[in-house]
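J.: Before anything else, here's the structure in question.
None of the figures in this text is laboratory data; all of them are computed from the coordinates on show. Not measured: the values here are computed from a predicted model. All Cβ positions, even for glycine, are placed from backbone atoms using ideal geometry, and neighbour counts span all protein chains on display.
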Amino acid sequence: MNATAKKQPDQFLKNLQMRNRTNSTLPELIAPCGINCRLCRAYIRNEKACPGCRGGDTNKSKSCVTCKIKNCEQIGKWKIEYCFDCDRFPCDRLAHLDKRYRTNYGTSAIDNLINIKKFGISWFVENENKKWTCPECGEMICMHKPQCLSCGYVWKK
């Protein structure tokens, strides 16, 4: 959980609960690795939705609970909010994740982190909302599916 979430737990939970009422990414949904949890199929599912990497472990898959990046000793030891603040950036774990997400889902954890560091989280979130909005229906696209879950528009071929 990030520093903002620790200071304002009620607001953090309130923001996460708004996911069904809003069609946009919130800063709390950007994982330490730079991946946008709002675009994950586990986050957007109707039943037992995942709260995102910065949320609790309820409704998370085993791989998300045991994620080596989220649970990285450097993040815990130094209270790092994003991986770019680590002196090991980009580490082998992040490079492996980045390659997988570039290849399979059209997004880069490393590029995301560089942009967050360079332009700030507000800029990044605003651009994520533009980038991942379906041009046909205006709903957010799931990065794990090649078509919009709302209208069927094929965004990835």
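J.: Using helices alone, I'd like the mean residue ellipticity at 222 nm for the chain: each DSSP H run of four-plus residues gives -39500 (n - 2.57), total over residue count, nearest 500.
T.: Numbers: 8 runs with 64 residues, N = 157.
It comes out at -11000 deg cm²/dmol, rounded to the nearest 500.
J.: At a 10 Å Cβ-Cβ cut-off, how would you order Leu94, Leu26, fewest neighbours first?
T.: Working: Leu94 23, Leu26 18.
Starting with the residue having the fewest Cβ neighbours, the order is Leu26, Leu94.
J.: Among Glu128, Glu73, Glu136, rank each residue by its count of other Cβ atoms within 10 Å, from fewest to most, as a rough exposure measure. Don't jump to the answer; show the numbers that get you there.
T.: Numbers: Glu128 21, Glu73 8, Glu136 13.
Lowest count first: Glu73, Glu136, Glu128.
J.: Would you list which aspartates and glutamates come within 18 Å of Lys77, measuring only between C-alpha atoms, while excluding same-chain residues fewer than 8 positions from it?
T.: Output for Lys77: Asp85, Asp87.
J.: Between Ser122 and Asn104, what is the label-point separation in nm under the 7 Å Cα-to-beta-carbon projection?
T.: Going from the Asn104 label point to the Ser122 one covers 3.5 nm.
J.: Here is a further query. Test of understanding: what is the full-extension gain from Val65 to Trp78, defined as 0.36 nm times their sequence separation minus their Cα-Cα distance?
T.: On the way: separation 13, 0.36 × 13 = 4.68 nm, distance 2.00 nm.
Full extension of this stretch gives 2.7 nm more.
J.: Hey, another quick one. Taking C-beta distances below 4.7 angstrom as the pairing criterion, name the unpartnered cysteines of the chain, in sequence order.
T.: Cysteines lacking a close Cβ partner in the chain: Cys33, Cys37, Cys40, Cys50, Cys53, Cys64, Cys67, Cys72, Cys83, Cys86, Cys91, Cys142.
J.: Expected output is a single nm value to one decimal: the length gained when fully extending between Asp92 and Asp111, i.e. 0.36 nm times separation in residues minus the C-alpha distance. What is it? Mind dumping the intermediate values first?
T.: Numbers: separation 19, 0.36 × 19 = 6.84 nm, distance 1.51 nm.
Extending this stretch completely gives an extra 5.3 nm.
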